[in-house]
1. By its C-alpha gyration tensor, with a ≥ b ≥ c as the square roots of the eigenvalues, how is chain B shaped: rounded for a/c under 1.5, else prolate for a/b larger than b/c, else oblate?
2. Using a Gaussian network for chain A with springs between C-alpha atoms less than 10 Å apart, which of these wobbles most: A:R238, A:R164, A:R273?
3. ³J(HN,Hα) across the range A:134-140 via Karplus (A = 6.51, B = -1.76, C = 1.60, θ = phi - 60°), whole Hz, x for Gly/Pro?
4. Roughly what angle does helix B:2-57 make with the longest principal axis of chain B, taking Cα atoms, 0 to 90 degrees, to the nearest 10?
5. Please arrange A:D5, A:D120, A:D266 by how many other C-beta atoms lie within 10 Å of their C-beta, fewest to most.
6. Using DSSP to call loops (not H, G, I, E or B), can you name the GluC sites (Glu not before Pro) in the range B:103-173 whose Cβ has at most 15 other Cβ atoms within 10 angstrom?
7. Please give the net charge around B:L167, taking every other residue with its beta carbon less than 12 angstrom from that of B:L167, where Lys and Arg add +1 and Asp and Glu add -1.
8. Along the Cα-to-C-beta direction of B:L167, a point sits 7 Å from the Cα; which residues of the range B:81-100 have their amide N less than 11 Å from that point?
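Please treat every number below as a calculation from the coordinates, not as lab data. What you see is a predicted model; the values in this text were computed from it and never measured. Positions of Cβ are generated from backbone atoms using ideal geometry, with glycine treated the same way; all protein chains shown enter the neighbour counts.
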Amino acid sequence: MNLYDQQRSNRRKTWLIMIAFVAFLLLLGAGFDTFYIGAGGGVVPVGSLAALALGSVSAVVSYFSGDRAVLLSSHAQPIAEAAAQASDDEKLKLRQLDNVVDEMAIAAGLPRPPVYIVPDPDPNAFATGRGPGHASIAVTRGLLETLDREQLQGVIAHEMSHIRNYDVRMMTVVAALVGAVALLSDWARRGMWWGGGRRRDRDDRGGGAAGIIFFIVWLAAIVIAPLLAQVLAMMVSRRREYLADASGAELTRNPLGLASALETIDAAVEPTRAINSGTAHLCIADPLGREAHIGGGGWSGLFASHPPMADRIAALRAMAYQGSR
Amino acid sequence: MLGLVLLVLIGVIVVWAVASYNRLVGLRNQVANGWRQIDVQLKRRHDLIPNLVNAVRGSMDFERDTLTAVMEARAKALTATGPADAAQKEGALTQSLGRLLAVAENYPALKSNDNVKMLQEELSGTENKVGFARQFYNDIATQFNTAQQVFPTNLAAGMLGFKPAELFEITEAADRAVPTVDLSRH
């Protein structure tokens with residue numbers, strides 16, 4: 001697949017997962033309405049809406065103030081400040097970073113985001129903020145030291161694409177959905193302690209075998225709901241990573257630059273300690289490091305915020321091959 | 001009943017016409033802005049060149065030809081009129097700068113000089129910015145042209161006074177030719 005096909009396919013898959021997610025929330029809510037609220041629920045999904053409203057609160061708060069919190073917690077320093085204290089060699093590297101960010105902003109046709117340096121020896125980078133015009137890009141010192149100009153350009157293009165694709169907004173919606181599912185599941189479990197009597201009433205009023213089967217399915221769904229929500233959220237996150245790789249390649253027209261950067265980053269086994277795992281979905285590589293992907297086998301991949309490095313590199317190489325034909 | 005249907009139909013057509021007109025105007029402005037961005041980056045490059053030439057002049061005294069070629073190309077580029085002329089003269093400037101950077105590689109004193117390194121970084125940054133500004137212009141111009149050519153907008157685009165934007169192309173046939181690499185001898 002060339003990079004435009006990959007972009008299209010990733011966008012389509014994101015929406016399919018999101019639809020599945022909303023359907024799952026509605027299923028949980030429908031059961032909640034039936035068993036706890038009764039006929040009062042009617043056609044309006046009361047439970048789902050209440051849970052979604054509550055789940056959105058913290059997501060929206062972090063949407064508007066999250067970037068400052070993230071930059072603060074990673075001890076990020078504005079690039080001008082870092083340049084003032086730097087040696088001549090470092091100054092050159094910082095100037096290079098400054099230029100590369102300018103270049104990618106021009107290629108994307110976006111306002112130039114402020115750039116920050118994170119004092120961490122592990123190579124990594126992340127974007128944060130709400131979208132074009134309200135975003136920042138941060139890179140670690142380790143990244144500046146290990147990558148050459150071409151690789152750095154690939155990484156910045158990936159981060160610029162997270163901004164251009166509104167991935168922060170996407171992951172905010174996902175966080176609200178995860179929160180809503182967790183709340184519903186929590187309420188349902190609490191409800192079982194004191195709500196048993198009312199449920200017996202409803203059984204008397206009928207529903208029959210279909211009702212019982214729905215109840216059992218719903219009960220099972222409630223139990224695994226928080227886990228399943230997490231799996232769905234990470235599926236979205238991995239899709240957005242592939243998409244940012246493909247959009248980044250569109251900006252540089254050089255997928256191999258990012259591919260070789262990913263190889264270099266992957267070779268650094270250390271986790272990025274300065275970056276909180278809550279920001280993982282906006283990083284170039286999982287800040288947990290390779291430990292997150294190696295050893296666990298197939299199941300650990302379900303909870304990974306990033307696709308396996310080898311798969312990302314293979315997808316980028318495929319783009320380069322398609323592009324040269 | 002028929003009147004109502006007709007009314008709805010006309011309403012839909014008007015909404016569609018307004019929406020596609022506004023979309024085309026938005027794209028046309030982006031195309032114009034993209035074109036100006038290229039000029040901004042070219043101007044930056046013109047401003048940077050005297051600094052670079054001064055920084056390397058001392059160490060590269062006997063490469064005078066290369067240095068004068070750069071300055072001459074810059075002077076010519078400053079007098080360019082119209083896109084086609086500018087494309088040709090800026091292309092010549094790009095080539096002479098490339099030669100200068102390649103020659104500079106042969107001077108260890110230059111390669112280790114921090115000021116020169118910084119200037120080289122500035123120069124490759126500027127070259128890239130010019131390139132990416134052109135790339136963005138072509139991307140947005142292609143979007144604009146596609147928006148005009150798809151059905152059914154193509155029926156109205158001409159009437160509303162929209163013309164396809166010209167894409168930026170390499171003018172020199174030599175720039176486009178793929179260099180031939182001979183692996184049989186060595």
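1. On the way: a/c = 3.54, a/b = 2.82, b/c = 1.26.
Cα axes put chain B in the prolate bin.
2. Ranking A:R238, A:R164, A:R273 by mean-square fluctuation puts A:R273 first.
3. 10, 9, 9, 10, 10, 10, 7
4. 10
5. Values: A:D5 13, A:D120 22, A:D266 18.
Least to most surrounded, the residues fall as A:D5, A:D266, A:D120.
6. On the way: sites: B:E105, B:E121, B:E122, B:E127, B:E166, B:E169, B:E172; in loops: B:E105, B:E166, B:E169, B:E172.
Passing both the DSSP loop test and the Cβ count: B:E105, B:E166, B:E169, B:E172.
7. Values: positive: B:R134; negative: B:D139, B:E166, B:E169.
That sum, taken over residues with Cβ under 12 Å, equals -2.
8. None, by backbone N distance to the label point.
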